[in-house]
Amino acid sequence: MDKTPGQAFIEKYGREKIPFGMMTVTNNAGGGQPVSMANLKAVSELYRSHGIPFFIDAARYAENCYFIKLREKGFECKPVKEIARELFSYADGMCMSAKKDAIVNMGGLLCMNDESLFANVKNELILREGFPTYGGLAGRDLDAMAVGLYEGLDEAYLS
Ligand SMILES: Cc1ncc(COP(=O)(O)O)c(C=O)c1O
């Protein structure tokens, strides 16, 4: 089988030149179209096979998961929350503008599984925004985000 452009790119530049991969769900560059689970899984496998961390820009992850439920075979009967769990299981980290699917006025998230990467990010954060416990936001805004993350997955709301 022919190599995909992604495979060819990674083989050309390698792990040293590619610190991480990122996929945006839904796909802004493609007019906001959803990414299928099969596509996301294949991309994740490609990055992971080269030892490159794979992150998701998850601003509209709930909408994307709802489209997976509506359109992708095998997901029709799964709750959107379960689909979201599977989606994130293929990633090593994620960032998210919470102003979309966490339905808040301000704020976002940056999460990762790798503890040493997290330690580095935390140190950078102190220089730029403050200690991680500040959350970069008022407690009131963090509270709203915690609620919004649940409400954004509500299937009646999504429909
Ligand atoms: C996919 C995606 N990522 C990031 C952002 C940036 O969000 P913010 O305005 O909260 O910085 C946007 C904004 O629309 C977005 O659509």
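The values are calculated or read from the model by the stated rules, or taken from the named source; none is laboratory data. It should be emphasised that the depicted structure is a prediction, and the values quoted were computed from it without experimental measurement. Please note: Cβ atoms are built from the backbone with ideal geometry, for glycine as well, and neighbour counts cover all protein chains shown. Note: accessible area is taken over every heavy atom of the protein model, side chains too, but ligands, DNA and RNA are not part of it. Shrake-Rupley method; radii C 1.70, N 1.55, O 1.52, S 1.80 Å.
Using protein chains only and a probe of 1.4 angstrom, how many square angstrom of residue 54 are accessible, to the nearest 10?
0
To the nearest 10 square angstrom, how much accessible area does residue 3 have with a 1.4 angstrom probe?
Accessible area, nearest 10 Å²: 130 Å².
Using a 1.4 Å probe over the heavy atoms of the protein chains, calculate the carbon and sulfur portion of the accessible area of the chain as a whole percent. Intermediate results must be reported in sequence, preceding the final value.
Numbers: 5370 of 9880 Å².
Within the chain, the accessible surface is 54 percent carbon and sulfur.
Which one, 77, 97, 37, projects farthest toward the positive side of the charge dipole computed for the chain from Cβ point charges (K/R +1, D/E -1)?
The residue sitting most towards the positive pole is 37.
Of 142, 52, 130, whose Cα points farthest to the positive end of the dipole of the stretch 41-159 (charges on the beta-carbon: +1 Lys, Arg; -1 Asp, Glu; origin at the Cα centre)?
So the residue furthest toward the plus end is 52.
Probe radius 1.4 Å, ligands and nucleic acids left out: which of 55, 131 has the largest accessible area, and how do the rest follow?
131, 55
Based on Cβ point charges of +1 for Lys and Arg and -1 for Asp and Glu, what charge dipole magnitude is obtained for the chain about its Cα centre, in debye rounded to the nearest 20? Could you put the intermediate results ahead of the total?
Numbers: 18 positive and 21 negative charges, 61 e Å.
Here the chain has a charge dipole of around 300 debye.
Let me know the charge dipole size of the stretch 84-159 about its Cα centre in debye, to the nearest 20, where only the beta-carbon of Lys, Arg (+1) and Asp, Glu (-1) is charged.
Values: 6 positive and 12 negative charges, 53 e Å.
The dipole of the stretch 84-159 has a size of about 260 debye.
Please check which bits of the stretch 123-137 a label hung off residue 111 would reach, taking the label as a point 7 Å along Cα-to-C-beta and the cut-off as backbone N under 18 Å.
Residues 132-137 qualify, since their backbone N sits under 18 Å from the label point.
Quick one: among 101, 57, 114, which has the greatest mean-square fluctuation in a GNM of the chain with alpha-carbon springs under 10 angstrom?
Highest fluctuation among the options: 114.
Just how many pairs of Lys in the chain have C-alpha atoms closer than 22 Å, counting pairs that are eight or more places apart or on different chains?
14
For the pair residue 128/residue 77, report the inter-label distance in nm, with labels modelled 7 Å from Cα in the Cβ direction.
4.5
For n ≥ 4 DSSP H runs only, could you compute -39500 (n - 2.57) per run for the chain, divide by its residues and tell me the 222 nm figure to the nearest 500?
Values: 7 runs with 78 residues, N = 159.
That comes out to -15000 deg cm²/dmol.
Heavy atoms only, 1.4 Å probe, whole protein assembly: order 150, 157, 66, 61 by accessible area, highest first.
On the way: 150 160, 157 120, 66 40, 61 15 Å².
Of 150, 157, 66, 61, the descending order of accessible area is 150, 157, 66, 61.
List, in order, the whole-Hz ³J(HN,Hα) value for each residue of the stretch 62-79 obtained from phi through the Karplus relation with A = 6.51, B = -1.76, C = 1.60 and θ = phi - 60°; use x for Gly and Pro.
The phi angles translate into 5, 4, 4, 5, 5, 5, 4, 4, 6, 10, 9, 4, x, 10, 3, 9, 8, x Hz.
Hey, in the GNM for the chain with a 10 angstrom Cα cutoff, which one of 25, 43, 147 fluctuates hardest?
147
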